[in-house]
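What follows is one structure encoded as structure tokens, with my remarks underneath.
The values are calculated or read from the model by the stated rules, or taken from the named source; none is laboratory data. Just so it is clear, the structure is predicted and the values come from calculations on it, not from any experiment. Because the Cβ atoms are built from the backbone with ideal geometry, glycine has one as well, and the counts that use them run over all protein chains shown. Just so you know, the surface numbers come from the protein's heavy atoms only, side chains and all, with ligands and any DNA or RNA stripped out. Shrake-Rupley method; radii C 1.70, N 1.55, O 1.52, S 1.80 Å.
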Amino acid sequence: MPVLTSPAAGPPLNDYKRWIPDLRLAIQNLLAHRLRSLLTMLGMIFGVAAVVSMLSIGAGARQKVMALIEQMGVRNVIVEAKETIERQSHQKIRKTSPGLTLQDYRIIRDDVGDVIASTPRKRVTLSKTIPKSRQDAPAVYGVGPSYIEIAGLSLVQGRFFNAEEESHAEAVCVLGAAARSSLFGAANPVDQYVKVSEQWFRVIGVVNPQVSSQTEIAGVPAQDLNNIIYVPLNAAMLRLEDSYSYLRDEIDGIYLHVRDESDVPEVAQVVRAILDSSHHSAGDFSVIVPAELLAEQKRTQRLFNAVMVAIASISLLVGGIGIMNIMLASILERTREIGVRRAVGARKFDIIRQFVIEAAMISFVGGSLGIICGFVMSRMIAWLAGWSTIVTVSSIMLAFVVSITVGLVFGIYPALKAAHLDPVEAIRYE
């Protein structure tokens, strides 16, 4: 039987020394029934671990998507050509629309006044290169010199091509981080040559690594943005494409950099209207506004977090019910102890405090173990599934505070029931 303690006189809430004996008694009672205490904590452990691990998955996915959208540029508007795989669908669309062309780009550049920088994009997929790529063959982006500013690229070596090199279709290129490592390894690639299709290009620079996505995001095709060779647009169209494609001025993307972020929605609306008119509403393009995607992603993520917390909190609720059941059972075991304490001067508040402290101890220890388990689970998920997980301080605090609150809420009823036991009947209880 646990050691009985007699409360000291004084105000129950103002003297912290009155809590120390009850805290010591709570620890003794929990240690006296180690297995039962551990089983009671399991609900809290699993609940907190679920909250922490689920929020870590959400935070990891959110960080990657947010980084990708921010990398697109909140002051940018991107036009992507929609590619159709089926031959019949493609021919049907081409009867009404020529597809995305340089003529579309020129009209947008000249008629939309808030655009301060722009470039078309011609994407070329290669089957082989020299030197031979150690990974998948890199894609080729034919772009203008302003692409480095619009895409927010930074160079780790060399330089980007200039307007003169672009206008003369010179055979120069800039490598992405993955393209550089797969083609040249650790060697310095600047002033080396890469054979793209049947053309030799001189490497003049290497860009920093970029965030990439393996899935399509809001119309933006999945693409390893690090496994790219950037070449001047005219070089891509004259040197790497057949003459028929060049005569039709076919491109597959347009990048626009807007003067002010507040002007982005209006610019996007004007661009849609221009392309709908010239393409006869064929729907063979999409206008992507990263600023809108960013706002929508934030709203979606908040909803996702709320749902995940609600689902995981069910485990915490079950854990709280377990605490209440164990505390009610404990009252029956300790009825005589409660009667003796009341007989020697303990008040109802002292009994309430004792049981609430025990419930809080179970929640505290269970929450602490749950945080550790949640951290381990998030690391295991990242390792086994290859997902990005981030354990944030806010997720730990949320899970911990909820676990303590649930423990206290479900510990109050047993504490009140224990405090209202009749002292005389409690002493005589066997």
> Is it the case that Ser182 is open to solvent by 20 Å² or more (accessible area, probe 1.4 Å) and modelled with pLDDT of 80 or more?
Replying inline: no
> Going by the structure shown, is Arg134 open to solvent by 50 Å² or more (accessible area, probe 1.4 Å), within 20 Å of Pro265 (Cα to Cα), among the basic types (Lys, Arg) and not in a strand (DSSP E or B)?
Replying inline: no
> Looking at Gly345, is it over 22 Å from Leu38 (Cβ atoms) and assigned to a loop (DSSP other than H, G, I, E, B)?
Replying inline: yes
>> Could you check segment 376-403 and list, in sequence order, the residues that are part of a helix (DSSP H, G or I), surrounded by 15 or more Cβ atoms within 10 Å (Cβ to Cβ) and not small (Gly, Ala, Ser)?
In response: Met377, Ile381, Ile396, Leu398, Phe400, Val402
> Which members of segment 141-156 meet the condition of being open to solvent by less than 50 Å² (accessible area, probe 1.4 Å) and closer than 14 Å to Arg180 by Cβ?
Replying inline: Leu153
>> Testing Ser286 on (1) of a type outside the set (Val, Ile, Thr); (2) open to solvent by 10 Å² or more (accessible area, probe 1.4 Å); (3) part of a helix (DSSP H, G or I), one condition comes back false. Which one is that?
In response: (3)
> How many residues are open to solvent by 80 Å² or more (accessible area, probe 1.4 Å), part of a helix (DSSP H, G or I) and at pLDDT below 75 if we restrict to segment 1-52?
Replying inline: 3
> So is Gly370 of a type in the set (Gly, Ala, Ser), open to solvent by 40 Å² or more (accessible area, probe 1.4 Å) and over 17 Å from Ile27 (Cβ atoms) or not?
Replying inline: no
>> So Ala343 passes all but one of these: (1) closer than 30 Å to Gly411 by Cα; (2) exposed (fewer than 14 other Cβ atoms within 10 Å of the Cβ); (3) within 35 Å of the chain's Cα centre (by Cα). Which condition number does it fail?
In response: (3)
